[in-house]
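Asker: Submitted below is the structure of interest, expressed as C-alpha cells.
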Amino acid sequence: MPKSSNAEITLADYRALAQFRQEIRRYLALSDAAAQSEGLPSKQYQLLLALKGLPDGTEATIGNLAERLSIRHHSTVELVDRLEKRGLVKRERSEVHRSFVFVRITPKGETALKRIVATRIEDLKVAGPILVKALTVLTKRSRGK
C-alpha cells in the first residue's frame, strides 16, 4: 500500500477523484453496451481486446491472457472456449514446444472487435479530456505545483 501524503487533501481533490471514477464507470458501461450490441458479453469483448492488444513479444497463452484480464486461469479457459465455439478465436499448438497452446483471433473475431473498438475510440474523444483534467488536478500537487 502506498504511503499516505502529509499534504492536505482539498475539496478539489475529492471532486476530481469522484469525477475521474464517474467517467471511468461511464466509459466502461458504454463499452459493455457496445459489446452487447455486437452480441458479445463484456468479458468476451475484454478477452478479444486483450488478445489483440498484447504487447510485442508477449505470446497469446491462456496464462498471459488471464494475467492481462486479472482473472483466474480456469475463467480464461472458459472465455476462450465460448469465443472458440462462436468462431471468434481458435487455439493453435506451438510447432516448437508442442505443449504450448496459443490463442489466435479469427477474421470473424477481428471484424467484431473492430466495430466495437471504433465506437470506444469515438467515446474516448469525449471522455478523454475529462479524465485528463481530473488526473491533472489529482497529480498537480505531487509535482509540487
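The values are calculated or read from the model by the stated rules, or taken from the named source; none is laboratory data. Predicted model only: the values in this text are computed from it and were never measured. With ideal geometry, Cβ positions are generated from the backbone for all residues, glycine too; neighbour counts draw on all protein chains shown.
Asker: Name the single residue that is farthest from PRO129 (Cα to Cα) among those in region 16-36 being without any contact (Cβ under 8 Å) to a residue 12 or more places away in the chain and over 16 Å from the mean Cα position of the chain (by Cα).
Answerer: Here the answer is ALA18.
Asker: Hey, any hits in region 44-59 for a residue that's in a loop (DSSP other than H, G, I, E, B) and touching a residue at least 24 places away in the same chain (Cβ under 8 Å)?
Answerer: yes
Asker: Would region 89-109 turn up any residue that is within 17 Å of the chain's Cα centre (by Cα), in a helix (DSSP H, G or I) and touching a residue at least 24 places away in the same chain (Cβ under 8 Å)?
Answerer: yes
Asker: Is it the case, given these coordinates, that SER99 is out of contact with any Lys or Arg (no Cβ under 6 Å at 6 or more places or on another chain) and at positive phi?
Answerer: no
Asker: Working only within region 10-26, note down all residues that are out of contact with any Leu (no Cβ under 7 Å at 6 or more places or on another chain) and buried (at least 16 other Cβ atoms within 10 Å of the Cβ).
Answerer: Once the filter is applied, which keeps residues that are out of contact with any Leu (no Cβ under 7 Å at 6 or more places or on another chain) and buried (at least 16 other Cβ atoms within 10 Å of the Cβ), region 10-26 yields only GLN19.
Asker: Which is of a type in the set (D, E, K, R), in a helix (DSSP H, G or I), within 28 Å of PHE20 (Cα to Cα) and at pLDDT 90 or above, of GLU122, GLU67, GLU84?
Answerer: GLU67
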